[in-house]
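I have placed the structure first, in the form of structure tokens, so that the comments after it can refer back to it.
The values are calculated or read from the model by the stated rules, or taken from the named source; none is laboratory data. As the structure is a computational prediction, the values presented were derived from the model and not from experiment. Heads up, the Cβs are rebuilt from the backbone with ideal geometry, glycines too, and the neighbour counts pull from every protein chain shown. Side chains are part of the model used for accessible areas, which takes the heavy atoms of the whole protein and leaves out ligands, DNA and RNA. Shrake-Rupley method; radii C 1.70, N 1.55, O 1.52, S 1.80 Å.
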Amino acid sequence: MLSLSDIALLFARHGAEQYTGEPVTQLEHALQTAHLAEQSDADDELVTACLLHDLGHLLNDQGRNDTPTLHGIDDMHQYIALPTLRSLFSNAVLDAIKLHVDAKRYLCQAVPGYHGRLSEDSQRSLTLQGGVFDAAQAQAFIALPGAHRAVMLRQWDDLAKQPGLRTPSLAHFLARAERCALTPARSGRGASITPPA
Ligand SMILES: [Fe+2]
Ligand SMILES: [Fe+2]
């Protein structure tokens, strides 16, 4: 189980690592995704899901220091962080994280030209993640609780790979996460959630 302080520590330890296959770091990608959500007036839960959607990469050595897709590996990162976040956030946060990979499979089916705009690594991982949904799979997916929010997250996720883009700080987004955390004790309130220098 993670607290917000633990999350700040994870970003401090691993946030400077390259997001594999993309021209940004793990922290830049998280901040950019949350920033794009915030610019679209997303609520605290969705901004927090955007910040944390790839936390599984920070918890998983395999996904951090290599490009797993080049070795034919699906790192299942959308699921890895969920058990550690379950007592900290509601399903409004967790479902968007859980479904953000399948949202890509949905968008490839539902939006003409979407697949062609994906980055090379994202196209490679799509195959490992099960490929493009067929029409029936897409229909079933979008009926799931949280699917529409996961689709919004996914579209910001795809755009959050811009070298040098200025964003608010991690502390800013952790404050938004704290606002939607389930309980003060579990959020780590009372302890500083300022990212270590
Ligand atoms: Fe992801
Ligand atoms: Fe991502």
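Things to note:
- Residue count for region 16-56 under the criterion of being crowded, with 19+ Cβ neighbours inside 10 Å, outside any helix (DSSP H, G or I) and modelled with pLDDT of 95 or more: the result is 3.
- Lone unmet requirement of (1) closer than 20 Å to Leu2 by Cβ; (2) within 15 Å of ligand 1 (Cβ to nearest atom); (3) not in a helix (DSSP H, G or I); (4) not charged (D, E, K, R) for Gln78: (3)
- For Lys104, the test of being open to solvent by 30 Å² or more (accessible area, probe 1.4 Å) and either within 13 Å of ligand 2 (Cβ to nearest atom) or of a type in the set (Lys, Arg) (or both) is failed.
- The one condition from (1) open to solvent by 10 Å² or more (accessible area, probe 1.4 Å); (2) in contact (Cβ under 8 Å) with a residue 24 or more places away in the chain; (3) in a helix (DSSP H, G or I); (4) not hydroxyl-bearing (Ser, Thr, Tyr) that Ala136 does not meet is (2).
- Residue, farthest from Asp157 (Cα to Cα), within region 1-34, restricted to residues that are away from ligand 2 (no atom under 13 Å from the Cβ) and among the acidic types (Asp, Glu): Asp6
- Of all residues in region 150-165, those that are open to solvent by 70 Å² or more (accessible area, probe 1.4 Å) have Cβ atoms under 7 Å from Cβ atoms of residues that are of a type in the set (S, T, N, Q) and near ligand 2 (Cβ under 10 Å from one of its atoms), 6 or more apart or on another chain, in Gln162/Gln32.
- Residue in region 144-155 that is in contact with a Cys (Cβ under 7 Å, 6 or more places away or on another chain) and either part of a loop (DSSP other than H, G, I, E, B) or modelled with pLDDT of 95 or more (or both) present: yes
- Failed condition for Asn60, given (1) modelled with pLDDT of 95 or more; (2) within 14 Å of ligand 2 (Cβ to nearest atom): (1)
- Complete set of residues in region 107-122 that are open to solvent by less than 60 Å² (accessible area, probe 1.4 Å) and closer than 20 Å to Leu70 by Cβ: Leu118, Ser119, Asp121, Ser122
- For the condition basic (Lys, Arg) and open to solvent by 60 Å² or more (accessible area, probe 1.4 Å), Lys98 qualifies.
- Residue match in region 169-182 (condition: among the aliphatic types (A, V, I, L, M), open to solvent by 20 Å² or more (accessible area, probe 1.4 Å) and at pLDDT 95 or above): yes
- Within region 91-113, the set of residues being within 16 Å of ligand 1 (Cβ to nearest atom) and within 12 Å of Val132 (Cα to Cα) comprises Val101, Asp102, Ala103, Lys104, Arg105, Tyr106, Leu107, Cys108.
- Residues in region 36-57 that are within 16 Å of ligand 2 (Cβ to nearest atom) and either in contact with a Leu (Cβ under 8 Å, 6 or more places away or on another chain) or small (Gly, Ala, Ser) (or both): 11 in all.
- Screening the candidates Leu82, Leu59 for the property of being farther than 16 Å from Ala171 by Cα and either touching an Asp or Glu at 6+ places or on another chain (Cβ under 7 Å) or open to solvent by less than 20 Å² (accessible area, probe 1.4 Å) (or both) yields one hit, Leu82.
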